[in-house]
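The values are calculated or read from the model by the stated rules, or taken from the named source; none is laboratory data. Keep in mind that what you see is a predicted model, and the values were worked out from it rather than measured. For neighbour counting, all protein chains shown are included, and Cβ atoms are generated from backbone atoms with ideal geometry for every residue, glycine included.
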Amino acid sequence: MDHIYDMIIVGGGPGGYTAALYAARAGMKTALIEKLSAGGQMALTEQIDNYPGFEEGIEGYALGFKMQQQAERFGAETLYSEVTGLQLKEAIKTVQTADGSYQAKTVVLATGANPRPLGVAGEQACLGRGIHYCASCDGMFYKDKTVMVVGGGNTAAADALLLSRLCRKVILVHRRDTLRATKLYHSSPEQAENVEFRWNSAVDALRFDEEAFRGVALKNLQTGEVTNVDCDGVFVAIGRNPATELVQGQLELDPSGYVLADETCRTNLPGVFAVGDVRSKALRQVITAAADGAVAAFYAEEYLAERME
Amino acid sequence: MALIITKDNFEQKVLKSTKPVLLDFWASWCGPCRMVGPIIEEIAAEREDIVVGKVNVDEEQELAAQFRISSIPTLVVIKDGKITNQAMGARPKAQILALL
């Protein structure tokens, strides 16, 4: 049974690597499978100022790397591969990857979430050529141009602010009449001179041709009126979708599609845990993901101990 | 080590290459580029049958414009001086190799 891991973690964000750290420190044979590199969504965040212990803040990518190093220091293994299938119902669970199958007594799902698309025609065709999901990645390509930010949460507000420093003009489109973002994020985009707000509005269609991206057709949700708004690019920040494709039909999900697991991180299947952004929870942050990882490892250890008896 | 491609060595190292070329357009401030960077280096170390190059879009704005790069990372495969495949965004190693 040596080749069977005590725990396999799917996903190398803060939730995954904290589970790995706690499990490895508890003496469990632990592997974490990550498709790209440590950090998950955190690695795409320029600066993290709300994870305690880093008084000057820390780059998301650097924090991910540190979490990985820390877990590996205690013997957790990182396997770089893409998980293609999960069989979670048996006592010994199987994790299929692009590079072969692995078996484990417990599985921690730490797959996180992905940006939610606008869901309008042509979005796929305009990907990277007018439609973007990462302002800090692609904003530079719109220097001195006109861009649109869609959304009203913290990401949208932060994106609008970042882009307002780079671009000639930023048009912020939100379906309500006020930002949902935390107060801290509010003032700056509202004070920036080159940010224009379009409240109660949503993108109805994309306008583009072979040559270039032209803009959008914007619908006023109160009057139903549709008007053309020109812009060189659109940054979409309307929330995220949990990455649950691998567990459809196996794990119970909440109505929004997140994996149902309470504060113990236990799912409906014995020995299967969900941590971080993929779990049904109130607050999705680096620190709450990390907390989930610790809790999941604790209950996984308890689960293994009970099965030994 | 992946080659550093500039507008000065582009023709020699990329267009005139007898092997297929995998180019990674990146920048230091781009999170997904940093995620994909180590994978690109790994491929460069493993594959002698191809040329792997990195183009810093901040320093090589002409090349970035020539390839109409507007999102990074962008990975481009060039064979016999022609683009045969390209993909935007960070992706796992197997998917990058599949581009070739």
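See the values below:
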| item | result |
| --- | --- |
| Which listed residue is within 22 Å of A:Pro115 (Cβ to Cβ) and assigned to a helix (DSSP H, G or I), from A:Ile287, A:Ile238 | A:Ile287 |
| Test: residue in region A:177-194 that is surrounded by fewer than 17 Cβ atoms within 10 Å (Cβ to Cβ) and within 14 Å of chain B (Cβ to nearest Cβ) | no |
| Odd one out for A:Ala26 among (1) away from chain B (no Cβ under 11 Å); (2) more than 18 Å from A:Arg266 (Cβ to Cβ); (3) surrounded by fewer than 20 Cβ atoms within 10 Å (Cβ to Cβ) | (2) |
| Residues of region B:43-78 satisfying the condition of being out of contact with any strand residue (DSSP E or B) (no Cβ under 9 Å at 6 or more places or on another chain), under 28 Å from A:Phe65 (Cβ atoms) and within 12 Å of chain A (Cβ to nearest Cβ) | B:Asp58 |
| Test: residue in region A:83-101 that is in contact with a helix residue (DSSP H, G or I) (Cβ under 7 Å, 6 or more places away or on another chain), buried (at least 16 other Cβ atoms within 10 Å of the Cβ) and at pLDDT below 95 | no |
| Residues within region A:1-25 that are within 16 Å of A:Ala104 (Cα to Cα) and either touching a Gly at 6+ places or on another chain (Cβ under 8 Å) or at pLDDT 95 or above (or both), tallied | 13 |
| A:Val216 being under 21 Å from B:Pro32 (Cβ atoms) and assigned to a strand (DSSP E or B) | no |
| In region A:134-156, the residues that are within 14 Å of another protein chain (Cβ to nearest Cβ), over 22 Å from A:Asn50 (Cα atoms) and either surrounded by 24 or more Cβ atoms within 10 Å (Cβ to Cβ) or in contact with a Phe, Trp or Tyr (Cβ under 9 Å, 6 or more places away or on another chain) (or both) | A:Asp138, A:Gly139, A:Met140, A:Tyr142, A:Val147 |
| Failed criterion for A:Val195 (all others in (1) assigned by TED's automatic domain parsing to the domain that holds A:Gly13; (2) free of Cβ contacts under 8 Å to residues at least 60 places away in the same chain; (3) in contact with a Leu (Cβ under 9 Å, 6 or more places away or on another chain) hold) | (1) |
| So A:Ala71, is it at the interface with chain B (Cβ under 9 Å from one of its Cβ atoms), touching a Phe, Trp or Tyr at 6+ places or on another chain (Cβ under 8 Å) and buried (at least 17 other Cβ atoms within 10 Å of the Cβ) | no |
| Neighbours by Cβ (under 7 Å, 6+ apart or cross-chain): first from region B:16-39, within 8 Å of another protein chain (Cβ to nearest Cβ); second surrounded by 19 or more Cβ atoms within 10 Å (Cβ to Cβ) and among the aromatic types (Phe, Trp, Tyr) | B:Gly31/A:Tyr61; B:Cys33/B:Trp26; B:Arg34/A:Tyr61 |
| Residue that is nearest to the other protein chains (Cβ to nearest Cβ) [pool: residues in region A:43-58 that are buried (at least 16 other Cβ atoms within 10 Å of the Cβ) and modelled with pLDDT of 90 or more] | A:Ile58 |
| Candidate set: region B:43-58, residues that are of a type in the set (A, V, I, L, M) and part of a loop (DSSP other than H, G, I, E, B); chosen: the one surrounded by the most Cβ atoms within 10 Å (Cβ to Cβ) | B:Val57 |
| Condition met for A:Val286 (under 27 Å from A:Met140 (Cα atoms) and within 17 Å of the chain's Cα centre (by Cα)) | yes |
| Subset of region B:85-100 [polar (S, T, N, Q) and either in contact (Cβ under 8 Å) with a residue 12 or more places away in the chain or touching a Pro at 6+ places or on another chain (Cβ under 8 Å) (or both)] | B:Asn85, B:Gln86 |
